[in-house]
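Okay, structure first, notes after.
The values are calculated or read from the model by the stated rules, or taken from the named source; none is laboratory data. Remember, it's a predicted structure, so these values are computed and weren't measured experimentally. Heads up, the Cβs are rebuilt from the backbone with ideal geometry, glycines too, and the neighbour counts pull from every protein chain shown. Calculation scope for accessible area: heavy atoms of the full protein, side chains included, ligands and nucleic acids excluded. Shrake-Rupley method; radii C 1.70, N 1.55, O 1.52, S 1.80 Å.
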Amino acid sequence: MRRSGCGSTGPLGTGHFKWFIVVSCTPGTQMTCQATDASGCVPGVVGNIGSMEVDDPNDTVNIAQQDNTNTLPFTCPQGGQVRCEANFNDNDDGPGYSLRVF
């Protein structure tokens with residue numbers, strides 16, 4: 001996947017309702033999963049996002065989940081890796097967004 005600005009990955013593509021990135025993190029660190037606009041620097045329009053989720057890609061245990069948001073705080077799990085996921089309302093919303101963890 002391509003890199004957009006401000007440490008984001010994107011813009012996202014079309015044809016899928018769910019888009020995610022997998023990133024490493026320091027266990028116990030407070031972090032944020034965010035869906036940005038296509039530039040990667042500005043929080044994305046919430047109206048197109050059904051939910052944001054963070055899980056551990058090693059065991060798919062859900063760490064955080066919230067509906068109708070573009071920003072989701074979480075604590076990095078012991079495994080040191082997370083999947084930051086945006087679930088869009090339509091499968092063609094992706095190109096207007098990027099994803100980042102900070």
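Our note on the geometry: Cα centres of region 35-71 and region 1-22, 11 Å apart. Potential lengthening of the chain between Asp90 and Val46 amounts to 14.6 nm, from the contour at 0.36 nm per residue minus the alpha-carbon distance. Note on region 20-75: the C-alpha convex hull projects to 4.1 nm² when averaged across all orientations. Computed with a 1.4 Å probe over protein heavy atoms only, the accessible area of Val101 comes to about 30 Å². Residues in the chain average 48 Å² of solvent-accessible surface per residue, probe 1.4 Å, ligands and nucleic acids excluded. For the pair Cys6 and Thr75 in one chain, pulling the backbone fully straight at 0.36 nm per residue adds 22.7 nm over the alpha carbon distance. I need the calculated FRET efficiency for the pair Thr32 and Asp67, taking r as the beta carbon distance and R₀ as 25 Å, to the nearest 0.05. E between Thr32 and Asp67, to the nearest 0.05, is 0.90. Here the chain exposes an accessible surface that is 50 percent carbon and sulfur, computed with a 1.4 Å probe and the other protein chains kept in place.
The charge dipole of the chain, taken about its Cα centre with unit charges on the Cβ of Lys, Arg, Asp and Glu (plus for the first two, minus for the last two), comes to roughly 360 debye. Look at the dipole of the chain built from charges on Cβ: of Gly7, Gly44, Thr71, the Cα furthest out on the positive end belongs to Gly7.
Stretched out straight at 0.36 nm per residue, the stretch from Ser24 to Thr60 would grow longer than its current Cα-Cα span by 11.5 nm. Given the choices (1) 13.7; (2) 13.1; (3) 18.3, Kirkwood radius over Cα pairs in Å derived from the coordinates of this structure is entry (2). Here region 1-98 carries DSSP beta bridges of which approximately 100% are antiparallel, counting only pairs with both residues inside.
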